[in-house]
Structure formats: structure tokens, C-alpha cells
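Accompanying notes for the structure given below.
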Number of protein chains: 2
Amino acid sequence: MEQRGELVSFRPDIKVVDCTIRDGGLVNNFEFEDDFVKNLYTANVASGVDYMEFGYKASKEIFDVKEFGKWKFCDEDDIRAVVGDNNTDMKIAVMADVGRTDYKKDILPKKDSVIDMIRIATYVNTIPAAIEMINYCADMGYETTINIMAISAAAEDELDIALNLLSKSKVNVIYLVDSYGSLFPEQIRRYADKYLKIGEKTGKLVGIHAHNNQQLAFANTIEACAIGVSYLDATMGGMGRGAGNCYMELLLGFLRNPKYNINPVLRFLQNRIVPLKKSGVVWGCDVQYMLTGQRNQHPRAAIEFTNQKREDYIDFYHSLFG
Amino acid sequence: MEQRGELVSFRPDIKVVDCTIRDGGLVNNFEFEDDFVKNLYTANVASGVDYMEFGYKASKEIFDVKEFGKWKFCDEDDIRAVVGDNNTDMKIAVMADVGRTDYKKDILPKKDSVIDMIRIATYVNTIPAAIEMINYCADMGYETTINIMAISAAAEDELDIALNLLSKSKVNVIYLVDSYGSLFPEQIRRYADKYLKIGEKTGKLVGIHAHNNQQLAFANTIEACAIGVSYLDATMGGMGRGAGNCYMELLLGFLRNPKYNINPVLRFLQNRIVPLKKSGVVWGCDVQYMLTGQRNQHPRAAIEFTNQKREDYIDFYHSLFG
């Protein structure tokens, strides 16, 4: 695999995607203070972040709006209350889960929306439904990404077929997603190479969304970047489900493009992330997440262990083999 | 650079070195409870760790024994109080800093000591003194390593000369040390390749000692390992100066050699590391360490920032440019 770009130069094709509200919302039930989201928007714009993901476009038929913060649903008016008409260089993204979005009802024509990109999250077994959503959203005028989750637990031949089908869809970016935080850099490079080869043939770009169970989210992100992956997901202070994600402050410290500025990120960490952590919102790598990552399992057991404030790692470890 | 070994197999040349007391001692002034060290020794033996580093052989002329815990000095009797005659497969190591060890007085002939390996720590500019120590210790019957610190801040031509001189010494293992936690995986691979090429010509093995300022200690360790580095340093819970080191629990979760067993490590974390952290001993990656890592600086300013419980990252960041 060939390296693209040198450490001291920069590749203009790289896009940084902030997922703090969307993946972080999985930690606090999307209950962010309005000021938090406004401060984050301002910080992202000032730091040169390319896309900010606001949350999910979840179905109000499936999920009760009273049980979640508003970023689970990302109503147009709620986004506009933060960004106005978003007269900035930063684009707005939302995520839509296959099977849990009323996309024909809830996704407006692009001309009526301040959203620029719909990120469609799927498992390998729901690719046909995902492609239907991709093409629908593309026809409505949106940029689209496909985020294929839990690939470390999928059969590789099925993944190959999925990638082949996606390469013929209208999707712009195919995301390599390490949902369980179980992949090592050498595996990430191999997957990234596979995605890039398929993407290059059909004009698709490739992105990466990493989890930090084994403290590899940043390493895996920059290793994928080094061989050509261009959409890089990160969150402030690594906020995200379970062990969290690639830290924005690490990523911007690595990238050499002078458009990126770490100062607004540091200010946001100081003013918003430190108090959020002090208020008792918990994320970040810890032994239980490392163990589910090593076992290539969904982090839900580790999240439960964390919520119960347990520290009996041995018992937890053996429960993962049950 | 060619990969050595596959992810699902294992290389028998790999040695895991526990540095919890030595590098962790820099966090708590080497004031470990006796039981902590005994529990650690037992855990390391049971988990298949190859070497346990007890601490420094520091000069009692330079350092006042009343101001430090005993593992700053590693008297033979103190080690024997923990290990007896060490009738195990695990070897015992200590570190000796060039210029801060009375090695001709304090290092006994191997036949009178339970220590197996002397690890000599040096900067590039004290290589001749380091070589004198290496050859002295080798002649006394010890295995030796040379740990060249702060290479990210050294001139590369001087490093090349240093490696060339060391390759002609009696040293067994040349260590790649990322003292500031500033090196990215692609740089680690390049350095490792350089060290390995020099080492191969003259029968020296190569080791890696990583710091976690940018959450890359584990990633850098396994990436170096993948291309042939065989001595891998780690600590329990990552305990070590500032941002700490490569986590033992991550490393043993990665290695496939069935001699390694993660259970005793988890038990040690549960019984000793969790309470140690709760008692107020602080280490681990945080914004201030990330910033000194990104700036390729010694972590001392970040350690001071941590000790003062400061959270004004912006002011700290700008102070690093002063």
C-alpha cells in the first residue's frame, strides 16, 4: 500500500467531520444544553472543521420524542436555531439509520433544508435498503455517505458484495467503521486499501469512523488517512459511545493544512467538555471497553458495567466468553 | 518495510518488559507499598511477562535516600526481599542513567546479584559514557540494553553515529525510546527500520519504549513489533511519567503467544491500580500532555500543569511557544 502525502505537507482532499453531538448523544441521550451545541458550532467553524454532524434523523413513530433530547430527531427548525442559514464554509450533516428513519417523510428536499449531507448507517445485511435510502437522498439533492457498521463481525465475502453494490449507487463517500474498536492498524490498512480500490474505480471517496476501545481510534484514523482515506471523523475530547472516538484535538494537531486551527477546540474543551465530564457524563477507554474490543464484541456489556460503577474486571472478562 | 509474523500467529523472539515500578516510580517518587511490588511480581510471573524492571540504580551521592522510595536505588537486598532467588522464568531488570549511577560501586558482579539485565539510559550526547557502562556491565556478566532517550529532539546524523558506535559495543538490545510521546506510527516505523538494519548487521536486538501523550503508545509499540522490534515495554494501566506508557493489558490482549495470560494482569488492575488511582496518584493522557507531545517537548510543563490542577488549556498551549 502506497502512502499518499507526506507528514509535513497536506492533502487538500481531507475533510474533518465532527460527530460530537451524534456519537456523543449516545452517551447522554442527546440531552445537550442549547448553548453547548451553539458553542460547538462556533468552535467547529472557527477551527476549520469541514462537516458538523448534528445527530440522528430518527423516526418519531419508532422513538418517543419525550424520551430523548432533540438531536435524536434533528428537526429542521432545531438545526436552524443554531446555524441560521449556515453562511459558513462548514457543511451540516445528520445520520439516518436504515430501518429507523421515516426518510420519505422527514427528509426535506435539499432546497428547503440547511442540511448538506445525509450519512446513512447500515449493517451489511441491510445494504439493499441502504442503497434505496442513498439514492432517494441523492435525488433530493444531498451529499450522502454510507457507514457500514460492525464490519469486524461481518463475513468478508458479504462485505465485498456490499461494497460492490454500493459502488454502483449514488453514494459519495463509503465509510470504514470500526464499531467495536477491535481493529488493529494493520487490519485498518487492509480494509482501507480494499475500500479505496473499489472507490477509485467508481469515483467514491472513503471515510473512517474509529472507536477507542483499544486506544487505537486516533492511530487507526491517521493510518487510514496516510494511504488515502479522506473523510476523517472525530469528536471533542473523544466524546462518543462507550470508549468514545478519535479525539478532535489529536487529529487537528496531526493535520498540517493551515486551514485547521486547534485554538477554538482547546477553548471548547476548557469551557464545555471539562464541565460536562465533571457533571458525571462518562465516556472514554477503560479496561471493560478494551476487553469487549479485544473480544470483537458490541460494547453494550461494557457500557452496562460502567453504568453500574463495577470494577471487577476478572468477572466481567469471563462473562464475555459466556 | 516488510512485516514479520502474522496477526494470528506469534514470534517467539518477542519479550515483554514490565516497567511499572521504574517508569511509574517517576509518578509517585518510587513510594510503592511493599505489597504492591510483591503483587506485581507475582502477577508478572503468572502472566508470562519476560522481564520486570524494578527501578533505578541511582547514585546515593547525587540523590538523598531519604527523599525517595527505595526503588530509586534498587539495593540488592530490597529486590531479594520481593523475589528471593527469583526461581522463575521471568528475568529481573534495573535501569541506570548515564552520569547518575555509581555503577562501579553499586553494580555487583552478576554471580552475586539476582538482577539479570541492566538497562542503560542515555541521551545522544553521552553515548561514549553509555558505552563505557554497557561494556562494564556486560563484562560483569549482565545482559544490557541501551535506551537512547529523546530521539525526536536529536539531530538525525548524530543519532546515526550513536547507533553505529553502539552496534560495536557489547550491548544486547538497542531501544527506540519516544520520550516525549511525539512520534507518529509512520515515524516509528522509519526509526524502527533504521535500528533494525543496524542491529541485524551486528547481532543486536531492538526494543521500543513508548509514551502515551498522543494516545499512540500501544499503536506505536505494535507497529514497531510488526516490522521486527522484539523487546516491548509496557506498564500496568499505563502507569508512567506524565501521559504514561503502553498499557500492559492492551499489549497482552494483542500478542498471540499462549505463554501470555491476561488474567493476572486484570486481577492486578482491579486490586492495585484502581485503588492507587483512587488514592490520588495521577497519570495518563490528557490535553496538556497531548500538547507537549505535539510540540515535541519534554512533558515537565504538562506535569506541573497537572500538579496544579489547572484546566486553562489555551494559556498552557501558548506558553509552549514562549
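Taken about its Cα centre, chain B carries a charge dipole of about 340 debye when Lys and Arg each add +1 at the Cβ and Asp and Glu each add -1 at the Cβ. Each Lys or Arg adds one and each Asp or Glu takes one away; over the other residues whose Cβ falls under 14 Å from the Cβ of A:N147, this sums to 0. Mean-square fluctuation check for chain B, GNM, Cα pairs under 10 Å: which of B:Y289, B:Y191, B:Y247 is largest? Top of the fluctuation ranking is B:Y191. Listed by chain and number, the lysines placed with their C-alpha closer than 18 angstrom to that of B:K278 are A:K277, A:K278, A:K309, B:K309; residues fewer than eight positions away on the same chain are left out. Between segment B:46-114 and segment A:258-319, the C-alpha centres lie 37 angstrom from each other. If you run the Gaussian network model on chain A, springs between alpha carbon atoms under 10 Å, then out of A:E158, A:E53, A:E223 the most flexible one is A:E158. Here the simple spin-label model places points 7 Å from the Cα toward Cβ, and for B:D315 and B:S9 these points are separated by 5.7 nm. Subtracting the Cα-Cα distance of A:R100 and A:E67 from 0.36 nm times their residue separation leaves 10.3 nm of extension gain. Listed by chain and number, the aspartates and glutamates placed with their C-alpha closer than 15 angstrom to that of B:K201 are B:D160, B:D193; residues fewer than eight positions away on the same chain are left out.
Inter-chain Cβ neighbour count for A:214-222, averaged per residue, equals 6 (cutoff 10 Å, partner chain atoms only). Straight-line cross-link partners of A:K194 among the lysines, defined as a Cα under 22 Å from its Cα and at least 8 positions apart when in the same chain: A:K15, A:K168, A:K170, A:K204. Taking B:E249, B:E132, B:E33 in turn, the Gaussian network model of chain B (Cα-Cα springs below 10 Å) assigns the largest fluctuation to B:E33. What would the Debye equation give as log₁₀ I(q)/I(0) for chain B at q = 0.08, 0.11, 0.14 Å⁻¹, counting only Cα atoms as equal point scatterers? The Debye formula, applied to the Cα set alone, gives -0.33, -0.65, -1.12. Bridges between two residues of chain A, per DSSP, are antiparallel at a rate of about 5%.
Per residue of A:273-279, other chain Cβ atoms within 10 Å of the residue Cβ number 1 on average. Label-point spacing for B:R4 across the identical copies (point 7 Å from Cα in the Cβ direction), in nm and ascending order: 3.2.
The H on the amide N of B:T101, modeled in the peptide plane, is under 5 Å from the matching H of B:S59, each at least 5 residues off or on a different chain.
Nearest beta carbon of chain B to the B-to-A rotation axis, with distance in whole angstrom: B:A219, 2. Of all beta bridges that DSSP places with both ends in the protein assembly as shown, some 5 percent have antiparallel geometry.
Simple spin-label estimate for A:N135 and B:Q187 gives 4.8 nm between the two label positions (7 Å along the Cα-to-Cβ direction from each Cα). Think of it as helices only: each DSSP H run of n ≥ 4 in chain A is worth -39500 (n - 2.57), and spread over all residues that comes to -11500 deg cm²/dmol at 222 nm. Charge tally for A:P258 (other residues, Cβ to Cβ under 15 Å; Lys, Arg +1; Asp, Glu -1): +1.
Quick note: the coordinates plus some simple rules give every number you see, no bench work behind them. All figures in this text were calculated on a predicted structure; none of them were measured in a lab. Neighbour counts are summed over all protein chains in view; Cβ atoms, including those assigned to glycine, are modelled from backbone coordinates with ideal geometry.
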